[in-house]
Amino acid sequence: MNARGRDPLQSMDPRARVICAAGLCLVAALAQAPVSVVPALLTPLVVGLSARFPFQRLLWTGLRLNGLFALMALSTLPFVPGPTWQTFGPISVTYPGLSLVGMMVLKGNALVLSCAIFLSTMESPNLGHALARLGVPAKFVALMMSVIRYIDVLQEEHGRMRLAMRARGFRPRLNWLTLQTHALGVGALFLRSLERAERVAAAMKCRGHQGLYLATRTLHWRRRDTAWIMLLVAVTAGMLWLEWKP
Amino acid sequence: MSAPVIEVRGLTFAYGDGPPVLDALDWVVPAGARVGVTGPNASGKSTLLHLIMGLRAAQQGSIILYGRHRVTEGDFYEVRARMGLLFQDSDDQLFCPTVLDDVAFGPLHLGASPDAAQEAAREALAAVGLAGYEERITSRLSAGEKKCVALATNLAMQPDTLLLDEPTSYLDDRSRDRLLSVLKELPATLVIVSHDRAFLDALTRTRYHLEDGRLR
Ligand SMILES: Nc1ncnc2c1ncn2[C@@H]1O[C@H](COP(=O)(O)OP(=O)(O)OP(=O)(O)O)[C@@H](O)[C@H]1O
Ligand SMILES: [Mg+2]
């Protein structure tokens, strides 16, 4: 919600959140040494913990992400040349291979965590406002907001269809009829969502919309937000120092 | 004497290759009038309102609003700044996550500052009896509440003409009475499409009946 309470995340200006997420992602992506990715991993973690972020919501995403990494690790590890760390039968794992995989895991998790903590906790209109105010071209913001809006439309329409189907005795089972119903459902879903999107567009026109996205809410940059950015700069500086220190 | 708000000449419309919904329809609504429109289901009442707002294009005929022929999207943009439409299905009308965003959308896009738009939204919400609903999630409201929010989205734009498509559906007695008094006080030309005779009797003197593609 929009109430800006004591929760450090909710009380943060959306622009500050976008800057923090973008900054952390950038440094995490550019870091060369594993130790300098650690701050990018720790910052969102600490912020998330202090804001009582429901981490269990991330569990599934995290598992899938790291599962993917495991697959990638298995397929790259044997082929990275360099001094050997251990040999497993015909496969030898090298030190450079280990550090490559380690970096991949660290960076990937840092990126996902930063976005999850700073961006996913924000309502989509706020994200739009923040981007618009940060100078992202209005057309791009409008496009992005339409996409987000359309996902909502799809989801709402899906919910309604499922209710309607269940009300008429549909129960998913492992049989041909269920499969047929699902196939029909997906087709109908897209058709209905398209039609609904057209009606939503009509409603927007009725209210003076001409294709550009305007921010409904005024954003208030506070001293606290500047403090957040300073913290980010400090983290970045720390990472640079870790990276370059002799 | 000012030009009629709505003047429609020989309006003919069909969806795709379907049968004509409106068939050479003529209609004049003078400024300041309050008119009721009745007609059986599927007679084309909603379609007529959508055509007047420029949301669909007629195959034939002319639409003259506020004394000027309206053809292009730009013509209608000008009209929509002064003429509001309450959709029959509120789910079609509301599209923002929160109630406040939705109601403020219109004023904002007509050029109000964010603060002024929010103020207009709060006032409109209070007028329909929904003060305190600002941060509610629009899609989770009850059907009657949605109808009232949809009306507020129109009121916030301070239209001088309001087209209402079944305004009383889903409303309980209290909301219906509130709607009645809001519309009575509203200094606007009103076109009310409704199956609710008593409601039409209370608000309008002129009555039209749409059937077989024509208004009578
Ligand atoms: N999007 C559409 N595509 C094709 N046909 C449509 C569409 N919308 C409406 N129609 C058809 O146009 C005709 C008029 O519909 P409309 O919604 O204008 O009727 P209505 O008078 O408002 O009815 P009701 O009293 O039920 O609201 C109906 O036969 C309907 O099936
Ligand atoms: Mg209708």
Under-5 Å amide H pairs with residue B:209, H placed in peptide plane, nonlocal only: B:38, B:216
The protein assembly as shown: equivalent-ellipsoid semi-axes (sqrt of 5 x gyration tensor eigenvalues, Cα, Å): 54, 27, 19
Label-point gap, in nm, between residue B:28 and residue A:143 - each point 7 angstrom along Cα→Cβ: 5.0
Centroid-to-centroid separation of the stretch A:1-75 and the stretch B:57-121 [C-alpha atoms, Å]: 41
Length added when fully stretched, residue A:191-residue A:245, from 0.36 nm per residue minus Cα-Cα: 13.6 nm
Cβ neighbours within 10 Å from other chains - mean over A:176-184: 0
Straight-distance crosslink candidates among lysines, where the alpha carbon sits under 26 Å from residue B:146 and sequence neighbours closer than 8 are dropped: A:205, B:45, B:184
Most mobile of B:188, B:14, B:198 in a GNM of chain B (Cα contacts under 10 Å): B:198
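Where both partners of a DSSP beta bridge lie in the protein assembly as shown, what percent of those bridges are antiparallel, to the nearest 5? Don't skip to the answer; put the middle values down first.
On the way: 20 of 37 bridges.
Within the protein assembly as shown, antiparallel bridges account for around 55 percent of the total.
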In nm, spacing of pseudo-spin labels at residue A:10 and residue B:169 (7 Å Cα→C-beta vector): 3.7
D (Stokes-Einstein, µm²/s), Kirkwood Cα radius, the stretch A:125-215, 1.306 mPa s at 10 °C: 104
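Quick one: length gained pulling residue B:126 to residue B:201 fully straight, 0.36 nm per residue minus the C-alpha distance?
Working: separation 75, 0.36 × 75 = 27.00 nm, distance 2.60 nm.
In short, 24.4 nm is gained.
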Mean separation of Cα contacts under 8 Å, 6 or more apart, over the residue count of the stretch A:128-204: relative contact order %: 34
Pair residue A:237, residue A:22: separation of 7 Å Cα→Cβ label points (nm): 2.2
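Under the definition of Cα pairs under 8 Å and six or more residues apart, what whole-number percent is the relative contact order of chain A? Can you show the working numbers first?
Details: 211 pairs, mean separation 79.4, N = 246.
In percent, rounded to a whole number, it is 32.
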R0 of 25 Å, Cβ-Cβ distance residue A:162-residue B:42: FRET efficiency to nearest 0.05: 0.35
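Can you pull out the chymotrypsin sites (Phe, Trp or Tyr not before Pro) in the stretch B:1-46 whose DSSP state is coil and whose Cβ has at most 11 other Cβ atoms within 10 Å?
Values: sites: B:13, B:15, B:27; in loops: B:15.
Here the sparse-neighbourhood loop sites are B:15.
Using only the Cα atoms of the stretch B:91-216, build the gyration tensor, take square roots of its eigenvalues as a ≥ b ≥ c, and label the shape rounded, prolate or oblate: rounded if a/c is under 1.5, else prolate if a/b is larger than b/c, else oblate. Write down the numbers at each step before the final one.
Details: a/c = 1.91, a/b = 1.65, b/c = 1.15.
Prolate is the answer for the stretch B:91-216, as a/c is 1.5 or above and a/b outweighs b/c.
Suppose every Lys and Arg Cβ carries +1 and every Asp and Glu Cβ carries -1, with no other charges. What dipole size does the stretch A:125-215 come out with about its Cα centre, to the nearest 20 debye? Walk me through the numbers on the way to the answer.
Values: 14 positive and 5 negative charges, 52 e Å.
My answer is approximately 260 debye.
When Cβ neighbours within 10 Å are restricted to other protein chains, what is their mean count per residue of peptide A:151-158? Before the final figure, lay out each step's value.
On the way: counts 0, 3, 1, 0, 1, 2, 0, 0.
The shielding value for this peptide is 1.
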Sites residue B:216 and residue A:176 - FRET efficiency at Förster radius 45 Å, r taken between beta-carbons, to 0.05: 0.25
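Computed FRET efficiency, Cβ-Cβ of residue B:209 and residue A:220, R0 56 Å: what is it to the nearest 0.05? Can you show the working numbers first?
Working: r = 54 Å, r/R0 = 0.97.
FRET efficiency, residue B:209 to residue A:220: 0.55.
Counting partner chain Cβ atoms within 10 Å of every residue's Cβ in B:84-94, what's the average? Don't jump to the answer; show the numbers that get you there.
Details: counts 2, 4, 1, 4, 0, 2, 1, 6, 7, 7, 2.
Counting other chains' Cβ atoms within 10 Å and averaging over B:84-94 gives 3.
With the Cα gyration tensor of chain A giving a ≥ b ≥ c as the square roots of its eigenvalues, does the rule (a/c under 1.5 for rounded; else a/b larger than b/c for prolate; else oblate) give rounded, prolate or oblate? Walk me through the numbers before you get to the answer.
Details: a/c = 2.47, a/b = 1.27, b/c = 1.95.
Oblate is the answer for chain A, as a/c is 1.5 or above yet b/c matches or exceeds a/b.
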Of the GluC sites (Glu not before Pro) in the stretch B:118-154, those whose Cβ has at most 16 other Cβ within 10 Å and which sit in DSSP loop: B:135
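When you count, for each residue, the other Cβ atoms within 10 Å and take the mean per peptide, how do A:171-182, B:106-117 rank with the highest first? Numbers along the way, then the final one.
Working: A:171-182: 10.5, B:106-117: 18.7.
Top to bottom by mean Cβ count within 10 Å: B:106-117, A:171-182.
Read-outs: derived from the displayed coordinates by stated rules, not from any lab. Fair warning: this is a prediction, and the values are worked out from it, not measured in the lab. Every residue, glycine among them, receives a Cβ derived from its backbone with ideal geometry; neighbour counts consider all protein chains shown.
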